[in-house]
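Participant: Okay, handing you the structure first.
The values are calculated or read from the model by the stated rules, or taken from the named source; none is laboratory data. Keep in mind the model is a prediction, meaning the values are calculated, not measured. FYI the Cβ positions are ideal-geometry reconstructions off the backbone, even for glycines, and counts take in every protein chain you see.
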RNA sequence: CGGGCCGUGGCGCAGUCUGGUAGCGCGCUUGACUGGGGGUCAAGAGGUCGCGGGUUCAAGUCCCGCCGGCCCGACCA
C-alpha cells in the first residue's frame, strides 16, 4: 500500500468528544469514525487490525477443535421466549417488528440459537462439540462510552461447548481457558483471569479475563504475591483482628443531634470511629423489608447479596418505606430491637462488641451494642466490598484493587438452554439427557481498543506486531530525489515479497509530518530512507516499542527487517 | 432513566452574557522556495451557526420546543 493513495485520515488534535486514550488515538490515527453514539465505523487501517485480531482468535479456536458457524443476528421472538429471556433481558435487547407484525430481536448473544441447532444432535457419540462464530452483537446500552470500549453494536467471537456431562464441560472450559490465555498473550495483554458473578447468564462458574486499565469499568482485587484475583462483585479478603473492649451490659441510648452519616458520628464528641459503627441498610427483597448490616467503614457489594439470597427482585428501600418500617430516617437506623424484620449481617460484624448504631429515632444512637447479644441476626453472609490493602484470602499478602477492562468471559452454563430448546441426546444407557453447555466470548472491537490502552505513548499507538495494520512503514524522506525514491521503492517491494505487511509513505510531505504520522498510526517498525543515510549506504530502522534505532546497509536491509518482524510475530 | 456540559467551514475553538459585516489556528487547493522531526511566502476554496417555531426593523446571540453528542450516576451476560 502507498500512503499517497491510502485513506488514513489522521488528525492533529484530539477529537473533542473523546475521553479514553484508545478513543482519542483510534480516531486521531485514522482507525475509526463515529456514526452515532455507540456505533463506529472502522476505516481500512482499523479493519486491518481487527482482521488480525480475528485471525488470531480463529487460529486458537481451531486449535481446540472448534468449528466455525455463521448465525443470523436477527432472531424470532419465539426462540427467546423459550429460554425466558424475551422477558428477563428487558430493555437491553433491541427489538423490532416486521411488516407482518412479527416480533424480532437483534441478537445480543447466541445461546438460544446454538442450542436450537444442537437439538439436531441425538447421540452422546456425536459429543463433544465446540461451535463458534464471529458475529455482530447488539445491545441497547443505556450509556455507550469510551469509544469502542462500550458500544451498542460490536463484533464478538462467541463459542459454545456441547457435552454429555459435567466432566465434559469442565474439559471444554479448561481448553477455552488455555486458548484464551494464548489469545490474550498474542494480543500483548497481561490479563488476569478472575472468578466472576455469572449474573443472569445462569450457570455455576464463570471466569472473566481482565486487563488492568484506567479506562476500564470493572474493579478487580488482585494479589501480586500468589496470583489470587477476583471481581469485586465476588472478591473476599482477610481483615486484621479487632480487640473490642468489654462494653456495657446493655445498649445505651444517647443523643446525636444533627448526625446523619457515619462520618458525622465518627467526628462527633463521644461518637465512634467508623469501624466501631454498624451501618444499617434497608432493602426490599421480593416484597419483604430486610436490614443489611455492615461495619461502618465497609461498603456493600450488592452483587454478593444478589448472588446469595436468590431473590427475584431486590432494590434499596425508599425513604418512606424506611420510615414506615423503622420509624426513623437514614442516619439513625439500627437493627436492635426489631425482631419482626429479617436481618442479614456481614461476617465482619461477627463477635463484635461495644458498637454504635442508630436507635431508630432521629437524633439518637445506641452505644455498647454487642452484635450477637443485642441483634437477632437471621443470616450471616459475606457482603463486604474488598478494598486495597486488605489481606489476600489465599496468602494474606495485601491485595490491590484496580480498574480493568473485561476482554473475555467464559461461563459454565449447564443445561438451561439445551432443556429450553429440547437439545437432548441419548447417553450410553439409552436415556435422554440434556446437553451440558458452556459459553465463551471475546469482544473483538473492545480488544482492539484495549490493545491501544495497553500499548501507546505520548506520540501515539505502539501496535504489537501481531495486530498492527502494517508491520513496517517505509518513510521516504525526499520522494523527489531519484536515488531516495528508488531505494525506498526497492525496499518496499522486497519487504512485500517477503510477506511483510508494509506501507510506503511516498507522500510529498516534510519529513517531520511523516515521522509524526508514523508514530501516531503506530507501525511497529519504521525504515527511514533519505539522502543522508543513502550517502553512507544505509537506511535507518526504528523500533516503535522502545525507540531503538539502528543503521542497516542498503544491500541487506530487507533481510534484517524481515527477520526483526518475524521475530515478533507469533 | 436522573444530573451536568456542549452543538459555529474537514478538525480544534472564539463570538452568545450586552441582538447589527460570521472570525481564528490547523487542515485543504494552486504556485514558488524548502526537504532527517508538524517549514516559509503568496494567492484561493470552503459555513442552511444542529433542527423547528417565536420575539424583533434586525437573531449564531433572546424565548419555547425538539434532535444529536460527551461526562457523572443508575443500569449492564
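Participant: Any residue at all in segment A:405-415 that is outside the structural domain of residue A:298 (by TED's automatic domain parsing), under 14 Å from residue A:232 (Cβ atoms) and within 16 Å of RNA strand B (Cβ to nearest atom)?
Facilitator: Kept after step one, since they are outside the structural domain of residue A:298 (by TED's automatic domain parsing), are these residues of segment A:405-415: A:405-415.
Pick out the ones that are also under 14 Å from residue A:232 (Cβ atoms) and you get A:406.
Next, from what is left, pick out any that are within 16 Å of RNA strand B (Cβ to nearest atom): A:406.
Checked segment A:405-415: at least one residue is outside the structural domain of residue A:298 (by TED's automatic domain parsing), under 14 Å from residue A:232 (Cβ atoms) and within 16 Å of RNA strand B (Cβ to nearest atom).
Participant: A further question on this structure: Check segment A:42-64 and report whether any residue there is in contact with a helix residue (DSSP H, G or I) (Cβ under 7 Å, 6 or more places away or on another chain), within 13 Å of RNA strand B (Cβ to nearest atom) and touching a residue at least 24 places away in the same chain (Cβ under 8 Å).
Facilitator: no
Participant: Continuing with the same structure: Of (1) within 16 Å of RNA strand B (Cβ to nearest atom); (2) modelled with pLDDT of 95 or more, residue A:434 satisfies all except one. Which?
Facilitator: In the conditions (1) within 16 Å of RNA strand B (Cβ to nearest atom); (2) modelled with pLDDT of 95 or more, residue A:434 misses (1) alone.
Participant: Could you say whether any residue in segment A:201-209 is crowded, with 21+ Cβ neighbours inside 10 Å, out of contact with any helix residue (DSSP H, G or I) (no Cβ under 7 Å at 6 or more places or on another chain) and assigned to a loop (DSSP other than H, G, I, E, B)? Give the steps one after another, and end with the answer.
Facilitator: Start the filter on segment A:201-209 by keeping residues that are crowded, with 21+ Cβ neighbours inside 10 Å, which leaves A:206-209.
If we keep only those that are out of contact with any helix residue (DSSP H, G or I) (no Cβ under 7 Å at 6 or more places or on another chain) too, we end up with A:206, A:208.
Narrowing the set further to residues that are assigned to a loop (DSSP other than H, G, I, E, B) leaves none.
Taking every residue of segment A:201-209 in turn, none turns out to be crowded, with 21+ Cβ neighbours inside 10 Å, out of contact with any helix residue (DSSP H, G or I) (no Cβ under 7 Å at 6 or more places or on another chain) and assigned to a loop (DSSP other than H, G, I, E, B).
Participant: Another question about this same structure. Do we find a residue being without any contact (Cβ under 8 Å) to a residue 40 or more places away in the chain and either within 30 Å of residue A:124 (Cα to Cα) or in contact with a helix residue (DSSP H, G or I) (Cβ under 8 Å, 6 or more places away or on another chain) (or both) anywhere in segment A:399-410? Before the answer, list the steps.
Facilitator: The initial filter retains those residues of segment A:399-410 that are without any contact (Cβ under 8 Å) to a residue 40 or more places away in the chain, namely none.
No: segment A:399-410 contains no residue that is without any contact (Cβ under 8 Å) to a residue 40 or more places away in the chain and either within 30 Å of residue A:124 (Cα to Cα) or in contact with a helix residue (DSSP H, G or I) (Cβ under 8 Å, 6 or more places away or on another chain) (or both).
Participant: In segment A:200-210, is there at least one residue being more than 29 Å from residue A:421 (Cβ to Cβ), without any contact (Cβ under 8 Å) to a residue 60 or more places away in the chain and in the same structural domain as residue A:83 (by TED's automatic domain parsing)?
Facilitator: Filtering segment A:200-210 for residues more than 29 Å from residue A:421 (Cβ to Cβ) gives A:210.
Applying the additional criterion that residues be without any contact (Cβ under 8 Å) to a residue 60 or more places away in the chain yields none.
No, segment A:200-210 contains no residue that is more than 29 Å from residue A:421 (Cβ to Cβ), without any contact (Cβ under 8 Å) to a residue 60 or more places away in the chain and in the same structural domain as residue A:83 (by TED's automatic domain parsing).
Participant: For segment A:177-192, which residues satisfy the criterion of being in a strand (DSSP E or B) and touching a helix residue (DSSP H, G or I) at 6+ places or on another chain (Cβ under 7 Å)?
Facilitator: We begin by selecting, within segment A:177-192, every residue in a strand (DSSP E or B); these are A:191-192.
Across segment A:177-192, the qualifying residue is only A:191.
Participant: Another question, if that's okay. Spot the failing condition for residue A:3; the list is (1) in contact (Cβ under 8 Å) with a residue 40 or more places away in the chain; (2) within 8 Å of RNA strand B (Cβ to nearest atom); (3) out of contact with any helix residue (DSSP H, G or I) (no Cβ under 6 Å at 6 or more places or on another chain), and only one is missed.
Facilitator: So the condition that residue A:3 fails would be (2).
Participant: Would you check which residues across segment A:250-271 are in contact with a helix residue (DSSP H, G or I) (Cβ under 8 Å, 6 or more places away or on another chain), assigned to a loop (DSSP other than H, G, I, E, B) and within 15 Å of residue A:363 (Cα to Cα) and list them?
Facilitator: Of everything in segment A:250-271, those that are in contact with a helix residue (DSSP H, G or I) (Cβ under 8 Å, 6 or more places away or on another chain), assigned to a loop (DSSP other than H, G, I, E, B) and within 15 Å of residue A:363 (Cα to Cα) turn out to be A:256, A:258, A:259, A:271.
Participant: Could you please let me know if residue A:297 is more than 16 Å from RNA strand B (Cβ to nearest atom) and closer than 16 Å to residue A:382 by Cα? Full working, then the answer.
Facilitator: On the way: more than 16 Å from RNA strand B (Cβ to nearest atom): yes; closer than 16 Å to residue A:382 by Cα: yes.
Spelling it out, residue A:297 is indeed more than 16 Å from RNA strand B (Cβ to nearest atom) and closer than 16 Å to residue A:382 by Cα.
Participant: Additional query: In the list A:464, A:531, which residue meets the criterion of being away from RNA strand B (no atom under 11 Å from the Cβ) and out of contact with any strand residue (DSSP E or B) (no Cβ under 6 Å at 6 or more places or on another chain)? Working first, answer last.
Facilitator: Details: A:531 fails: away from RNA strand B (no atom under 11 Å from the Cβ).
From the options A:464, A:531, the qualifying one is A:464.
Participant: Of the residues that make up segment A:466-480, is at least one within 30 Å of residue A:39 (Cβ to Cβ), assigned to a helix (DSSP H, G or I) and in contact with a helix residue (DSSP H, G or I) (Cβ under 8 Å, 6 or more places away or on another chain)?
Facilitator: So far as segment A:466-480 goes, yes, one or more of its residues are within 30 Å of residue A:39 (Cβ to Cβ), assigned to a helix (DSSP H, G or I) and in contact with a helix residue (DSSP H, G or I) (Cβ under 8 Å, 6 or more places away or on another chain).
For (1) in contact with a strand residue (DSSP E or B) (Cβ under 9 Å, 6 or more places away or on another chain); (2) at pLDDT 95 or above, each residue gets a yes or a no:
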{"position": "A:13", "(1), (2)": "no, no"}
{"position": "A:36", "(1), (2)": "no, no"}
{"position": "A:44", "(1), (2)": "no, yes"}
{"position": "A:50", "(1), (2)": "yes, yes"}
{"position": "A:65", "(1), (2)": "yes, yes"}
{"position": "A:68", "(1), (2)": "yes, yes"}
{"position": "A:72", "(1), (2)": "yes, yes"}
{"position": "A:80", "(1), (2)": "yes, yes"}
{"position": "A:88", "(1), (2)": "no, no"}
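Participant: Residue by residue through segment A:490-514, note down the ones that are closer than 15 Å to residue A:8 by Cβ and either in contact (Cβ under 8 Å) with a residue 24 or more places away in the chain or not assigned by TED's automatic domain parsing to the domain that holds residue A:552 (or both). Break it down into steps so the answer makes sense when it comes.
Facilitator: If we filter segment A:490-514 for residues that are closer than 15 Å to residue A:8 by Cβ, which is where we start, we get A:501-507, A:509, A:513-514.
A:501, A:502, A:503, A:504, A:505, A:506, A:507, A:514, listed by residue number.
Participant: I would also like to ask the following. Among the listed residues A:447, A:459, identify the single one that is under 30 Å from residue A:118 (Cβ atoms) and either away from RNA strand B (no atom under 14 Å from the Cβ) or touching a residue at least 60 places away in the same chain (Cβ under 8 Å) (or both). Lay out the reasoning, then the answer.
Facilitator: Values: A:459 fails: under 30 Å from residue A:118 (Cβ atoms).
Every option except A:447 fails the conditions.
Participant: Out of the residues in segment A:210-221 that are crowded, with 21+ Cβ neighbours inside 10 Å and under 14 Å from residue A:194 (Cβ atoms), which is nearest to RNA strand B (Cβ to nearest atom)?
Facilitator: That would be A:216.
Participant: Sort through A:141, A:120, A:112 and tell me the only one that's outside any helix (DSSP H, G or I) and near RNA strand B (Cβ under 10 Å from one of its atoms).
Facilitator: The match here is A:141.
Participant: Right, here's the next one. Working carefully through the options A:450, A:420, find the one that is surrounded by 22 or more Cβ atoms within 10 Å (Cβ to Cβ) and either part of a helix (DSSP H, G or I) or in contact with a strand residue (DSSP E or B) (Cβ under 8 Å, 6 or more places away or on another chain) (or both). So that I can check it myself, show each step before the final result.
Facilitator: Working: A:420 fails: surrounded by 22 or more Cβ atoms within 10 Å (Cβ to Cβ).
A:450 is the lone residue from the list that is surrounded by 22 or more Cβ atoms within 10 Å (Cβ to Cβ) and either part of a helix (DSSP H, G or I) or in contact with a strand residue (DSSP E or B) (Cβ under 8 Å, 6 or more places away or on another chain) (or both).
Participant: Can you confirm whether segment A:12-24 contains a residue that is within 24 Å of the chain's Cα centre (by Cα), in a strand (DSSP E or B) and within 11 Å of RNA strand B (Cβ to nearest atom)? Break it down stepwise before answering.
Facilitator: Just the residues of segment A:12-24 that are within 24 Å of the chain's Cα centre (by Cα), to begin with: A:17-24.
In the following step, the residues that additionally are in a strand (DSSP E or B) were identified as none.
Scanning segment A:12-24, I find no residue that is within 24 Å of the chain's Cα centre (by Cα), in a strand (DSSP E or B) and within 11 Å of RNA strand B (Cβ to nearest atom), so the answer is no.
Participant: Quick one: which strands (runs of 3 or more DSSP E) lie wholly within segment A:500-570 and hold at least 1 residues that are crowded, with 21+ Cβ neighbours inside 10 Å?
Facilitator: A:502-505, A:525-529, A:538-543
Participant: Based on this model, can you work out whether residue A:235 counts as under 19 Å from residue A:442 (Cα atoms), at pLDDT below 95 and out of contact with any helix residue (DSSP H, G or I) (no Cβ under 7 Å at 6 or more places or on another chain)?
Facilitator: Working: under 19 Å from residue A:442 (Cα atoms): no; at pLDDT below 95: yes; out of contact with any helix residue (DSSP H, G or I) (no Cβ under 7 Å at 6 or more places or on another chain): yes.
Considered against the rule, which asks whether it is under 19 Å from residue A:442 (Cα atoms), at pLDDT below 95 and out of contact with any helix residue (DSSP H, G or I) (no Cβ under 7 Å at 6 or more places or on another chain), residue A:235 comes out as no.
Participant: Quick one: is residue A:119 surrounded by fewer than 18 Cβ atoms within 10 Å (Cβ to Cβ), touching a helix residue (DSSP H, G or I) at 6+ places or on another chain (Cβ under 7 Å) and touching a residue at least 12 places away in the same chain (Cβ under 8 Å)?
Facilitator: Values: surrounded by fewer than 18 Cβ atoms within 10 Å (Cβ to Cβ): yes; touching a helix residue (DSSP H, G or I) at 6+ places or on another chain (Cβ under 7 Å): yes; touching a residue at least 12 places away in the same chain (Cβ under 8 Å): yes.
Judged against the criteria, residue A:119 is a match.
Participant: Also, quick follow-up: Counting only residues that are in contact with a strand residue (DSSP E or B) (Cβ under 6 Å, 6 or more places away or on another chain) and in a loop (DSSP other than H, G, I, E, B), which one in segment A:237-249 is nearest to residue A:352 (Cα to Cα)? Full working, then the answer.
Facilitator: Initial filter on segment A:237-249 (in contact with a strand residue (DSSP E or B) (Cβ under 6 Å, 6 or more places away or on another chain)): A:237-238, A:247-248.
Restricting the remaining residues to those that are in a loop (DSSP other than H, G, I, E, B) gives A:237, A:247-248.
Details: A:237: 18, A:247: 10, A:248: 13 Å.
Selected residue: A:247.
Participant: If the requirement is being more than 10 Å from RNA strand B (Cβ to nearest atom) and touching a strand residue (DSSP E or B) at 6+ places or on another chain (Cβ under 8 Å), which of these qualifies: A:520, A:542, A:566, A:491? Spell out how you get there, then give the answer.
Facilitator: Numbers: A:520 fails: more than 10 Å from RNA strand B (Cβ to nearest atom); A:542 fails: more than 10 Å from RNA strand B (Cβ to nearest atom); A:566 fails: touching a strand residue (DSSP E or B) at 6+ places or on another chain (Cβ under 8 Å).
So the residue among A:520, A:542, A:566, A:491 that is more than 10 Å from RNA strand B (Cβ to nearest atom) and touching a strand residue (DSSP E or B) at 6+ places or on another chain (Cβ under 8 Å) is A:491.
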